[in-house]
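Accompanying notes for the structure given below.
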Amino acid sequence: MASFFEMGGYAGYVWPAYAVTAVVMGALLVASLRTLRNREAELRVLQQARPERPRRRQTPAAGNAEAAGDA
Amino acid sequence: MHRFANPARFLRLAAVVMPWTAGATVLLIAAGLFFGLVASPADYQQGDTVRIMYVHVPSAWMGLFVYTTMAVASATALIWKHPLADLVAKSAAPIGAGFTLVCLVTGALWGKPMWGTWWAWDARLTSMLILFFLYLGHMALVDAFDDPTRGARAAAILALAGFVNVPIIKFSVDWWNTLHQPASVVKMGGPAIDPSMLAPLLLMGVGFTTFFVTVLFLRVRAEILAAKIRAIRLTQVRGQGVG
Amino acid sequence: MTRKQRRLYFVVLGMLALGAATALVLTAFNDNLVYFHSPTELAEKGVPPERRVRIGGLVEKGSIQRDGQLVRFRVTDMVNAVPVTYNGILPDLFREEQGVVAEGKMGTDGVFVAADVLAKHDENYMPKEVSDALKASGHWQDGKEGGPKE
């Protein structure tokens, strides 16, 4: 097991490479999800404030997509 | 193309596709990590540093693939004026920039022990750095105007002009003497990689692609919502002006 | 012609013009875009001493002599070879018959004094057992891979 982490003496290069990949891809995913959630919340507030807007017709589609994303 | 240009239809499609691409991403990357780090041998020359290849090369592929996606979306937006195409290009840029950054950093981490240097100004490395700057330029330009359509058009022109860099990156190792070695997987006469090493490479490559699709759809959805929010705000302002 | 067609032609023509311009520029600057020169190119062109250049090729078999930190070896492209001296730490991949790029100056005595030595590796990846098996069966292509291209 110890030899697995040593990576043949190249642990100082192999593990940082995987760490950088994980951090960048994780940050992309988290930032994208967070933006989406914020916009969904903002849109909900706006639509509640003006329920007579014709845009209301599109709410079910957005609602479905949101539900699937949460699942 | 027109079928998917409709935002409501896109949202329905995304809701169906995303759970699958997200699930596939988890499975493919888990398998890629297992084969890449545990179940594959060290290279006869490069020892265990060859394992850096399983994140370095797929992220390089993605850097080029995402840019190509962005260029196609930009051409579609410029010529056929599909509103969704602009959103796809805008959403793809940060993902491509991320993959290109990963490629550059992991490449440095691979180059130091094997070549003896973190960086060399050879044609392959330099053209990849230019790709990274093209992504950053696109991200800056798209938000540089008060009017989003003007920003989108300027960014689309940059994306198309920058596309000349993509074949340069791909063929730089064939056209010029470089420190970087030539292509191993996509080459005449088949891959020059042992099957035990090709497996984790391809698993990661497909996994990164499904990751890109998943995150792209998330971001496009967020952009559609942003457009809706803008439209509502605009009618509110107008309503207040009239009343 | 519809507006869409006009925009389409405009984009296609723009891309073609840009591609042609790029190709011309790259051809014109070809000498500056290569990372290193082969020993044959250096011999043909002649490099003024005190000008920093990079030479690339294979480390000639049996040419490595170590004298403490000082290393002497010959860089070959199978046609011409250049003797090189280098005082410093070599990369892990520095081996006989492996690709190498040396950066430094050509001495008046015809010996290249390297300030930096980088290893170049080839595009073949395989486990050690496979390379041993290839060598044992005589299918190993010695010196053919890993070197600089012509």
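The values are calculated or read from the model by the stated rules, or taken from the named source; none is laboratory data. What you see is a predicted model, and the numbers here were worked out from it, not measured in a lab. Backbone-built Cβ (ideal geometry, glycine too); neighbour counts: all protein chains shown. Each accessible area value is taken on the protein alone, full model and side chains, heavy atoms only, with ligands, DNA and RNA left out. Shrake-Rupley method; radii C 1.70, N 1.55, O 1.52, S 1.80 Å.
Some values worked out for this structure:
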quantity: Qualifying residue in the range C:56-73 (condition: under 19 Å from B:Trp175 (Cα atoms), more than 11 Å from chain B (Cβ to nearest Cβ) and exposed (fewer than 15 other Cβ atoms within 10 Å of the Cβ)); calculated: no
quantity: Selected residue (only one of B:Arg150, B:Arg233, B:Arg238 is within 14 Å of chain A (Cβ to nearest Cβ), more than 20 Å from the chain's Cα centre (by Cα) and either under 30 Å from A:Ala27 (Cβ atoms) or surrounded by 21 or more Cβ atoms within 10 Å (Cβ to Cβ) (or both)); calculated: B:Arg233
quantity: Residues of the range B:9-21 satisfying the condition of being open to solvent by less than 60 Å² (accessible area, probe 1.4 Å) and within 9 Å of chain A (Cβ to nearest Cβ); calculated: B:Leu11, B:Ala14, B:Ala15, B:Met18
quantity: Inter-residue pairs, beta-carbon under 6 Å, first closer than 12 Å to B:Val102 by Cβ and in the range A:14-30, second not hydrophobic (A, V, I, L, M, F, W, C), 6+ apart; calculated: A:Ala17/B:Thr106; A:Val24/B:Gly98; A:Leu28/B:Gly98
quantity: Any pair with Cβ under 7 angstrom, 6 or more apart, that starts in the range C:13-31 at a residue that is within 7 Å of chain B (Cβ to nearest Cβ) and ends at one that is open to solvent by less than 80 Å² (accessible area, probe 1.4 Å); calculated: C:Met15/B:Leu160; C:Leu18/B:Ala161; C:Leu18/B:Val164; C:Gly19/B:Val164; C:Thr22/B:Val164
quantity: Subset of the range B:157-198 [at the interface with chain C (Cβ under 9 Å from one of its Cβ atoms), open to solvent by less than 30 Å² (accessible area, probe 1.4 Å) and within 17 Å of the chain's Cα centre (by Cα)]; calculated: B:Leu160, B:Asn165, B:Ile168
quantity: Evaluation of A:Asn64 against (1) modelled with pLDDT of 65 or more; (2) within 27 Å of the chain's Cα centre (by Cα) (one fails), failing number; calculated: (1)
quantity: Test: B:Val220 is touching a residue at least 60 places away in the same chain (Cβ under 8 Å), in contact with a Leu (Cβ under 8 Å, 6 or more places away or on another chain), facing another protein chain (nearest Cβ under 7 Å) and surrounded by 20 or more Cβ atoms within 10 Å (Cβ to Cβ); calculated: no
quantity: Which numbered condition B:Arg51 fails, given (1) buried (at least 19 other Cβ atoms within 10 Å of the Cβ); (2) more than 14 Å from chain C (Cβ to nearest Cβ); calculated: (2)
quantity: Check on B:Lys170, under 16 Å from B:Val57 (Cα atoms) and not in a loop (DSSP other than H, G, I, E, B); calculated: yes
quantity: Number of positions in the range C:32-47 that are surrounded by fewer than 11 Cβ atoms within 10 Å (Cβ to Cβ) and facing chain B (nearest Cβ under 7 Å); calculated: 0
quantity: Lone qualifier among B:Leu101, B:Leu134, B:Leu109 - being open to solvent by 40 Å² or more (accessible area, probe 1.4 Å) and either assigned to a loop (DSSP other than H, G, I, E, B) or touching a Phe, Trp or Tyr at 6+ places or on another chain (Cβ under 8 Å) (or both); calculated: B:Leu101
